[in-house]
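One structure is given here, and the rest of the page talks about it.
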Amino acid sequence: MKRNCPQCLSSHLNHVRNGFFLRTHSSTPPIQRYRCKLCRKEFSDATFQLRYRQRLRSINGSVEKLLVTGTSLRKIAFTLNINRKTAERKFHYLSNKADLELHRHLKQKENIMEVQMDDMESFEHTKMKPLSITLAVIKHQRFILGARVSRMPAKGLLAKRSVKKYGKRADGRKSARNDLLKSLQENISSTATFETDEHPHYGQSIKEFFPHAQHVQHKGRRGCVVGQGELKAGGFDPLFSLNHTCAMLRYQISRLVRKTWVTTKKPENLQRHINIYINYHNKKLIAA
Ligand SMILES: [Zn+2]
């Protein structure tokens, strides 16, 4: 691929080939080096890769697989015999890669007609600091269009205690919902059908970004024991595509498993973990 010089940004016409190098620990083909005639700096094909300057490239795939099959970062470090900080670094690299790939994947999706949306709940560090995960999937296909993690105030019995201990907690659900819908404006048809549960807040957001779309609401139902609340007990579930996907997230992302020792400490890292899962899910787990 023809690239500009990373130093002075001059066009590829100013580059000359400047030998190549081989990787010591892998059998990849030789990597071309270049020199820029204007700024005299050297660079190579590897300079532009997301994994530039990484050692231990060979474990990237294993870390990804473990991350999407319910393994925590510490357990990954233990299993692969790497440092915990290395596992963390790989996690960040994989989430960047997932963002790029999901973006590329979405570019091929146009005129989507049937979308299901819902929020699932988790928490950061303690149940008194709940998080909401807004999720949109294509009906039947179970292709995940995107997810947004946001903070929300505690509900029910914990509400008072939460305010007392941690102060008032902002509600970011609306902006998360709007952000997700806005990002999908090019993919979802303007006359699409949105299916959600009965919560009244979806209608407004959908109207704002898809004024001609149809909005169908289904009655909420009690969850069954498997699927950890997301799969519904008995009978036909109109939101099955979505609920099944949520149940998969619960099972496969260590920080979302219920009754677990693993919790998320930072909402942005939950978002990263979910993005890694979404990318893997869309690539490998569903028939595209
Ligand atoms: Zn240059």
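The values are calculated or read from the model by the stated rules, or taken from the named source; none is laboratory data. Owing to the predicted nature of the structure, the values given are computational and were not obtained by experimental measurement. Neighbour counts run over all protein chains shown; Cβ positions are idealised from the backbone, glycine included.
For beta carbons closer than 6 Å, sequence separation of 6+ or different chains, a first residue in segment 25-48 that is more than 16 Å from N14 (Cα to Cα) and a second that is outside any strand (DSSP E or B) and of a type in the set (A, V, I, L, M, F, W, C), the qualifying pairs are P30/L22; I31/A46.
Only one of the numbered conditions (1) among the aliphatic types (A, V, I, L, M); (2) under 30 Å from N187 (Cβ atoms); (3) at pLDDT 90 or above; (4) not assigned by TED's automatic domain parsing to the domain that holds Q271 is not met by L73, and that is (2). Can you find a residue that is away from the ligand (no atom under 11 Å from the Cβ), in a helix (DSSP H, G or I) and of a type outside the set (F, W, Y) anywhere in segment 1-24? Yes: segment 1-24 contains one or more residues that are away from the ligand (no atom under 11 Å from the Cβ), in a helix (DSSP H, G or I) and of a type outside the set (F, W, Y). Answer with yes or no whether H140 is more than 16 Å from the ligand (Cβ to nearest atom) and under 15 Å from the mean Cα position of the chain (by Cα). For H140, the condition - more than 16 Å from the ligand (Cβ to nearest atom) and under 15 Å from the mean Cα position of the chain (by Cα) - is not met. Output yes when any residue across segment 79-90 is closer than 23 Å to K284 by Cα, in the same structural domain as L239 (by TED's automatic domain parsing) and in contact with a Ser or Thr (Cβ under 7 Å, 6 or more places away or on another chain), and no when none is. Checked against the condition, which is being closer than 23 Å to K284 by Cα, in the same structural domain as L239 (by TED's automatic domain parsing) and in contact with a Ser or Thr (Cβ under 7 Å, 6 or more places away or on another chain), segment 79-90 yields no hits at all.
Taking the conditions (1) more than 15 Å from the chain's Cα centre (by Cα); (2) closer than 22 Å to V63 by Cα in turn, D237 satisfies each one other than (2).
Might you let me know whether segment 79-88 holds any residue that is away from the ligand (no atom under 16 Å from the Cβ), within 30 Å of V262 (Cβ to Cβ) and touching a residue at least 40 places away in the same chain (Cβ under 8 Å)? So far as segment 79-88 goes, no, none of its residues is away from the ligand (no atom under 16 Å from the Cβ), within 30 Å of V262 (Cβ to Cβ) and touching a residue at least 40 places away in the same chain (Cβ under 8 Å). Considering the conditions (1) surrounded by fewer than 12 Cβ atoms within 10 Å (Cβ to Cβ); (2) farther than 30 Å from K284 by Cα; (3) more than 12 Å from the ligand (Cβ to nearest atom); (4) within 32 Å of the chain's Cα centre (by Cα), R55 is excluded by exactly one of them, (2).
In the set (1) more than 14 Å from the ligand (Cβ to nearest atom); (2) on the phi < 0 side of the Ramachandran plot; (3) out of contact with any Phe, Trp or Tyr (no Cβ under 9 Å at 6 or more places or on another chain), the condition left unmet by K37 is number (1).
Restricting to segment 254-288, name every residue that is in a helix (DSSP H, G or I), of a type in the set (S, T, Y) and closer than 12 Å to S72 by Cβ.
Filtering segment 254-288 for residues in a helix (DSSP H, G or I) gives 254-256, 267-285.
Among the residues that remain, those that are also of a type in the set (S, T, Y) are: 254, 277, 280.
Correct list: S254 only.
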